[in-house]
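These notes concern the structure reproduced below.
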Amino acid sequence: MTQQQANAHRFAQPSGRASESFRRLKFDGNNAFQEKLRERVDAYFRSTGRRQRDCWQMYLKTAILLAIFAASYVLLVFVAQTWWQAWPLTILLGLGAAAIGFNIQHDGGHQAYSNRPWINKLMAMSLDLLGGSSYVWARKHNSIHHTYANITGHDDDINIGFFGRLSPHQNRRTFHRFQHFYLWALYGFLPIKWQIYDDFRDVITGKIGEHRFVRPKGWELVTFILGKVVFFSFALVVPLLLHPVWVVLLFYAAASWVQGVVLSVVFQLAHCVEEAAFPMPRPDTSRMEAAWALHQVETTVDFARRSRLLSWLVGGLNFQIEHHLFPRICHVNYPALSKVVETTCREYAVKYTEHPTLGAGLASHFRWLRRMGMPSGSPGRESGVEDEQETMTDT
Ligand SMILES: [Zn+2]
C-alpha cells in the first residue's frame, strides 16, 4: 500500500471496504453560497439572452483547431523533407493536440459544448483520436477530479506517482527535493503513459486509483478499442510506411511530449499552487467540512483572466474556479461569469484567488513543487494538514 492510499484508508474508510467508503465521502456545510451563485448565473443568462451551450464561437474554434491539427500532421508525415521543416510541425502538432483537448474534448466531455448529447459525445471522442480513452477520462475527470478536487487519495489528478509529490498528504522521497526542476520535463511523458498503459490498466482492473468504475461494454468497448487502433494507425503505422522506425518513434515521442507539458502545466496552475488548499475528510466523520461549492473555490486558482488570447487557446481553463463551479456551462462564458463569482465570493467571505499573469501562476507552481519537495514541506494554508513526520508514523 502506498502512503497515499494508507492516508485515504485512515481518513475515509473505517469499514476497510475501499469502493464503498470512497462513494460515501460527502460534503457538509450549508449550500447558501452555491444557491446564490446559481441564482445570479441563471439571472445573467436570462438578462443577456446568451446561450449556456451551443455557442457559435465553439463551432468556429473547433473547425480552426481541427484544421491546424490535420494540416500539421499531413505536412509532417507526407511533405516535410528536412529537420528544420519537421521540428516546427511537430511542435505545432503537439500544441494542436493540447488545444483540442482543452477546447473541444473537455467541453464535450462535460456536456458543456451543446444541448444535444450526441454532439457532446462526438466532441468528447476527439480524445480517442488523440490516443486517450474518452470513456476512462469521463470517470477520472468528471466523476472523481471534479467532485474531490485536491483531496489526497481521492483526486487522481494530484497523484502522479513515484516521481512527484503534489500534496502535503503524500509521502516524500529524498529526490523530491529536486522535483521543481525535473517534473516539468516529466509531465511531457504523461500522454504516452495514458495511451499505452494507464487506459488499459484502468479498463482491465475496473479501478481508477481506489475508485471502482463500470468497465466499458458493448459500443463503449468498441469505441475504446477502435479509438486506440485509429490513433496508433495514424501515430505509428502510417508514418512507418514512409519513414524509418527511429524517426517515427522520435517524432511521436516529441509531439506527445509537447502536448503533455502544455496539458499538465495548465491543469497544475489551477490546483497545485501555493494558494490552493488540500483539505482532507474529518477523521471522525469521514466527511468534508466545507460545502461542495466552497471546497471547489478553496482548492482552485484562476490565472491571467485578462488575457483573451490565452483564454481562447486554453479553453477557458485559466478560469478554473468558474469551471469547477459550473462545469456544464461552455467555457466561452467564463470571463463574464467570473465577475459574478468574484462578487459573490466577496459577499460570502470566500477567498477568490487569481494569479494576474501566466508567469505568476508558473512561479507559484514552481514554489509549490519546491515546498512539497522539502523535508519540512507543508502547505501555506491551514487545511487540516499534518507535517510529514506525523504522516509517516501514522500508518
Ligand atoms: Zn473539467
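The values are calculated or read from the model by the stated rules, or taken from the named source; none is laboratory data. This is a predicted model, so every value here is computed, not measured. Virtual Cβ from ideal backbone geometry, glycine too; neighbours counted across all protein chains shown. Side chains are part of the model used for accessible areas, which takes the heavy atoms of the whole protein and leaves out ligands, DNA and RNA. Shrake-Rupley method; radii C 1.70, N 1.55, O 1.52, S 1.80 Å.
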Checklist entry - Within segment 128-146, which residues are touching a residue at least 40 places away in the same chain (Cβ under 8 Å) and either assigned to a helix (DSSP H, G or I) or within 11 Å of the ligand (Cβ to nearest atom) (or both)? => result ASP128, LEU129, SER134, TYR135, VAL136, ARG139, LYS140, ASN142, SER143, ILE144, HIS146
Checklist entry - Just for segment 145-203: of the residues that are of a type in the set (Gly, Ala, Ser) and surrounded by fewer than 19 Cβ atoms within 10 Å (Cβ to Cβ), which one is farthest from LEU236 (Cα to Cα)? => result GLY161
Checklist outcome for this item: Checking ILE321, ILE329 in turn, the sole residue that is open to solvent by less than 20 Å² (accessible area, probe 1.4 Å), under 15 Å from HIS145 (Cβ atoms) and either out of contact with any His (no Cβ under 9 Å at 6 or more places or on another chain) or among the hydrophobic types (A, V, I, L, M, F, W, C) (or both) turns out to be ILE321
Next on the checklist: Need a quick list: helices (runs of 4 or more DSSP H) entirely within segment 191-287 having at least 1 residues that are within 17 Å of the chain's Cα centre (by Cα).
Outcome noted: 199-205, 245-271
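Filtering segment 295-318 down to residues that are away from the ligand (no atom under 16 Å from the Cβ) and within 24 Å of MET372 (Cβ to Cβ), which residue is most open to solvent (accessible area, probe 1.4 Å)? Working first, answer last.
First, pick out the residues of segment 295-318 that are away from the ligand (no atom under 16 Å from the Cβ): 298, 304-310, 312-313.
Filter once more, keeping what is within 24 Å of MET372 (Cβ to Cβ): 298, 304.
Working: GLU298: 62, ALA304: 6 Å².
Among them, the one singled out is GLU298.
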Next on the checklist: Of the residues LEU93, LEU166, LEU183, LEU122, only one is more than 13 Å from the ligand (Cβ to nearest atom) and under 20 Å from GLN320 (Cα atoms); which?
Outcome noted: LEU166
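Is there a residue in segment 63-74 that is more than 15 Å from the chain's Cα centre (by Cα) and within 16 Å of the ligand (Cβ to nearest atom)?
Kept after step one, since they are more than 15 Å from the chain's Cα centre (by Cα), are these residues of segment 63-74: 63-74.
Within this subset, residues satisfying the condition of being within 16 Å of the ligand (Cβ to nearest atom) are none.
No: segment 63-74 contains no residue that is more than 15 Å from the chain's Cα centre (by Cα) and within 16 Å of the ligand (Cβ to nearest atom).
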Next on the checklist: Please verify whether LEU362 is more than 15 Å from the ligand (Cβ to nearest atom) and modelled with pLDDT of 95 or more, treating the condition exactly as stated.
Outcome noted: yes
Checklist entry - What pairs come up if the first residue lies in segment 318-336 and is more than 13 Å from TYR113 (Cα to Cα), the second is within 12 Å of the ligand (Cβ to nearest atom) and β-branched (Val, Ile, Thr), and their beta carbons are under 7 Å apart, counting only those six or more places apart or on different chains? => result GLN320/THR300; ILE321/THR300; HIS324/THR300
Item to check | segment 248-268 residues that are modelled with pLDDT of 95 or more, paired with ones that are of a type in the set (A, V, I, L, M) and outside any helix (DSSP H, G or I) (beta carbon under 6 Å, 6 or more apart) | outcome: VAL266/VAL314; VAL266/LEU317
Next on the checklist: Between LEU310, LEU369, LEU317, which is part of a helix (DSSP H, G or I), within 27 Å of GLY96 (Cα to Cα) and at pLDDT 95 or above?
Outcome noted: LEU310
Checklist entry - Checking PHE163 against (1) assigned to a loop (DSSP other than H, G, I, E, B); (2) without any contact (Cβ under 8 Å) to a residue 24 or more places away in the chain; (3) closer than 25 Å to VAL214 by Cβ; (4) not small (Gly, Ala, Ser), which single condition isn't satisfied? => result (3)
Item to check | Long-range neighbours under 6 Å by Cβ, at least six apart or interchain, first residue modelled with pLDDT of 95 or more within segment 219-232, second open to solvent by less than 60 Å² (accessible area, probe 1.4 Å) | outcome: PHE224/SER133; PHE224/TYR135; PHE224/PRO216; GLY227/ASP128; PHE231/GLY131
